[in-house]
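Here's the structure we're looking at; comments come further down.
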Amino acid sequence: MQQEFDFSEDINTTVENHTLVFIYDSICKDYVYKNGDPEPFLKQLVNIVPKEHEFFEAWLRGFISVARNDRIKAKEFYSAALSKAELAMDYLPIFLQQGFAFFMYIDEAEKAKQFWEFGVTHNVFMGAGEKFFETFNAKEQFWVQFAPNMCIDRQKATERALSDYKKHTSSALEESIDDADFEHFSNLVDSIDFNTEKINSVSVLYYTLQRRAAIRAGAESFIEDLVQTQTARLLSKIDFSKLPEQQRNDRYMTIFHQMRITYDKSGLGKIMYNAFFGKDNELAGRLKNLEKISEIIIDRTDDVDDFSKQIDGKLGSNALLFAAETNDWEICKKLIKKNANTDKIIGAAPFGLKYSDGSVVSTSIPNSFIYRLISFGSWTCLKKYLSEFADKAKKSMTERSDKFNITPLVYCILNTIYNAKDEEERTKSKALVDELLPFFLNAGSVLEENTAFGTARSLLG
């Protein structure tokens, strides 16, 4: 397993010399060398940290050399800094991470190992075997350490990062879908059995819908998910159990803030998104092509409900449920016309309501199409489904059981109005339900239908 760096090091809280912090921030975070002369900053080091100035000057000059795309100078300065790294103080982890990533990126693994071994000796890194160095994702870690916006020629660096992050696929089919290349895909169609073929362990249809959903969601959603995922991943590796609650919260916010800087503020997350899904001027065309590709796959799949993906042991997803949660009506409509089972249940989730007297009423929510639409707030799909397929939706409007003692309308009311955080949100939720109510009634909902939580009419007041 690849060992990941801990990017949570908060230098501003660990180094007491604020002038040194200012110089570090100016060069490594504010990039003063892009619009000014860094020499006045570097010349101060001998007076600020007399014993350590040789390390800091070599290191920061190495960083600037990377920004100037001068690999020869960067190699010289990072090597010189490593020879003085005993003087690195609290900056040792981030220096070693940079140096290791830089030399791995330029294919000088033996030199990179010197940084790693120094880190092992000083308890910064764990010991690693040859397999780790062979599988280390040097391109990804380089851009995490040296974001393109730090480079003098930002455009050139961005193009290089896009190329480095570009996914290398294992099959022509996967490549055609990743690139949303309809012509390429069309040439492969007759050789593929879409009932059995898999890409990354999921059906071709499900994989295609995932690509389409990511483009529809946009870069901001991708970056936010990336920040949250990377924060959670790093937190899972750190034991906070012995820290007081306030310190745990502070540590979490420090890591979250660092991930925000690493992937959002630096522009790296947007570059990753463009590398994975297409440049901004390509996205609209790719979205249309993926819809056409999806239509062909749906047409050539015998049972579009056949493949399901387990999510957390209780809930699952298939093509229709995934399209529902991403509010993709065009795909939902195509799947329903292909006889996707809108009543199919893949697991259930507990749901309850606590009253002011402390009593609790609960039931389970079936993980089916209509409930998925409500859970994810896919209101466009919900209105279209209830109006265009009212006869198909009618069964689920009043169907209840001991396990699922609820109706879609009651769930919609509870999940919006009764889950509102404040009066403003409650007012908006009430307006939403008023807008949706005619669609529910058109599809067969009954206001007086009793459930574990009462009737829809009583809940609406």
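Considering only residues of the range 87-113 that are more than 22 Å from I72 (Cβ to Cβ) and open to solvent by 10 Å² or more (accessible area, probe 1.4 Å), which is nearest to the chain's Cα centre (by Cα)? So that I can check it myself, show each step before the final result.
Here is the first cut: in the range 87-113, the ones more than 22 Å from I72 (Cβ to Cβ) are 87-94.
From the residues that got through so far, the ones that are open to solvent by 10 Å² or more (accessible area, probe 1.4 Å) too are 87, 89-90, 92-94.
Details: L87: 38, M89: 34, D90: 31, L92: 29, P93: 26, I94: 24 Å.
Looking at the filtered set, the residue picked out is I94.
A quick yes/no check of all residues on (1) within 18 Å of Y165 (Cβ to Cβ); (2) open to solvent by 70 Å² or more (accessible area, probe 1.4 Å); (3) in contact with a helix residue (DSSP H, G or I) (Cβ under 8 Å, 6 or more places away or on another chain):
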residue: A232; (1), (2), (3): no, no, no
residue: Y252; (1), (2), (3): no, yes, yes
residue: M259; (1), (2), (3): yes, no, yes
residue: S266; (1), (2), (3): yes, no, yes
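Cβ-Cβ contacts under 7 Å between residues 6 or more apart (or on different chains), taken from a first residue in the range 233-247 that is within 14 Å of M259 (Cβ to Cβ) to a second residue that is open to solvent by less than 100 Å² (accessible area, probe 1.4 Å) and not in a loop (DSSP other than H, G, I, E, B), are listed as L234/I255; L235/Y252; L235/I255.
Look at the range 153-164: where a residue is basic (K, R) and a partner is surrounded by 17 or more Cβ atoms within 10 Å (Cβ to Cβ) and in a helix (DSSP H, G or I), sitting 6+ places away or on another chain with Cβ atoms under 7 Å, you get R154/P148.
Within the range 382-389, is there a residue that is assigned to a helix (DSSP H, G or I), more than 33 Å from the chain's Cα centre (by Cα) and charged (D, E, K, R)? Yes, there is a match, as at least one residue in the range 382-389 is assigned to a helix (DSSP H, G or I), more than 33 Å from the chain's Cα centre (by Cα) and charged (D, E, K, R).
When residues in the range 30-69 are screened for being open to solvent by 30 Å² or more (accessible area, probe 1.4 Å) and either more than 21 Å from L92 (Cβ to Cβ) or in contact (Cβ under 8 Å) with a residue 24 or more places away in the chain (or both), 18 of them pass.
Considering E130, E183, E140, E134, the condition of being within 21 Å of L268 (Cβ to Cβ) and either open to solvent by 80 Å² or more (accessible area, probe 1.4 Å) or under 20 Å from the mean Cα position of the chain (by Cα) (or both) is satisfied by E140 alone. All conditions in (1) open to solvent by less than 70 Å² (accessible area, probe 1.4 Å); (2) in contact with a strand residue (DSSP E or B) (Cβ under 9 Å, 6 or more places away or on another chain) hold for I413, with the sole exception of (2).
Taking Y206 as the residue in question, decide whether it is over 30 Å from I64 (Cα atoms) and of a type outside the set (D, E, K, R). Yes; evaluated as a whole, the condition is true for this residue.
Put simply, of K354, K403 the only residue that is modelled with pLDDT under 95, open to solvent by 40 Å² or more (accessible area, probe 1.4 Å) and touching a Pro at 6+ places or on another chain (Cβ under 9 Å) is K403.
Of the residues making up the range 14-24, none is part of a helix (DSSP H, G or I), free of Cβ contacts under 8 Å to residues at least 12 places away in the same chain, at negative phi and of a type in the set (S, T, N, Q). Residue count for the range 356-378 under the criterion of being without any contact (Cβ under 8 Å) to a residue 40 or more places away in the chain, among the polar types (S, T, N, Q) and assigned to a strand (DSSP E or B): the result is 0.
Residue check: is R211 crowded, with 20+ Cβ neighbours inside 10 Å, touching a helix residue (DSSP H, G or I) at 6+ places or on another chain (Cβ under 7 Å) and over 16 Å from D303 (Cα atoms)? Spell out how you get there, then give the answer.
Working: crowded, with 20+ Cβ neighbours inside 10 Å: yes; touching a helix residue (DSSP H, G or I) at 6+ places or on another chain (Cβ under 7 Å): yes; over 16 Å from D303 (Cα atoms): yes.
Answer is yes for this residue.
Just one of Y91, Y78 is in a helix (DSSP H, G or I), touching a residue at least 60 places away in the same chain (Cβ under 8 Å) and not β-branched (V, I, T); which is it? Don't jump to the end; show me each part of the working.
On the way: Y78 fails: touching a residue at least 60 places away in the same chain (Cβ under 8 Å).
The conditions single out Y91.
One residue is enough: does the range 337-348 have a residue meeting the conditions open to solvent by less than 80 Å² (accessible area, probe 1.4 Å) and either hydroxyl-bearing (S, T, Y) or assigned to a helix (DSSP H, G or I) (or both)? Checked the range 337-348: at least one residue is open to solvent by less than 80 Å² (accessible area, probe 1.4 Å) and either hydroxyl-bearing (S, T, Y) or assigned to a helix (DSSP H, G or I) (or both).
Residues of the range 152-167 include at least one that is open to solvent by 20 Å² or more (accessible area, probe 1.4 Å), touching a Phe, Trp or Tyr at 6+ places or on another chain (Cβ under 8 Å) and over 21 Å from L226 (Cα atoms). Here D305 clears all of (1) in contact (Cβ under 8 Å) with a residue 60 or more places away in the chain; (2) in contact with a strand residue (DSSP E or B) (Cβ under 9 Å, 6 or more places away or on another chain); (3) more than 18 Å from D190 (Cα to Cα) except the condition numbered (1).
Just to be sure before I move on: is S429 surrounded by fewer than 15 Cβ atoms within 10 Å (Cβ to Cβ), at pLDDT 95 or above, out of contact with any Gly (no Cβ under 9 Å at 6 or more places or on another chain) and part of a helix (DSSP H, G or I) in the structure I sent? Please lay out each step first, then the result.
Details: surrounded by fewer than 15 Cβ atoms within 10 Å (Cβ to Cβ): no; at pLDDT 95 or above: yes; out of contact with any Gly (no Cβ under 9 Å at 6 or more places or on another chain): yes; part of a helix (DSSP H, G or I): yes.
Spelling it out, it is not the case that S429 is surrounded by fewer than 15 Cβ atoms within 10 Å (Cβ to Cβ), at pLDDT 95 or above, out of contact with any Gly (no Cβ under 9 Å at 6 or more places or on another chain) and part of a helix (DSSP H, G or I).
The values are calculated or read from the model by the stated rules, or taken from the named source; none is laboratory data. Treat the numbers as computed from the prediction; the structure is a model and nothing was measured. For neighbour counting, all protein chains shown are included, and Cβ atoms are generated from backbone atoms with ideal geometry for every residue, glycine included. For accessibility, only protein heavy atoms count, side chains too; no ligands or nucleic acids. Shrake-Rupley method; radii C 1.70, N 1.55, O 1.52, S 1.80 Å.
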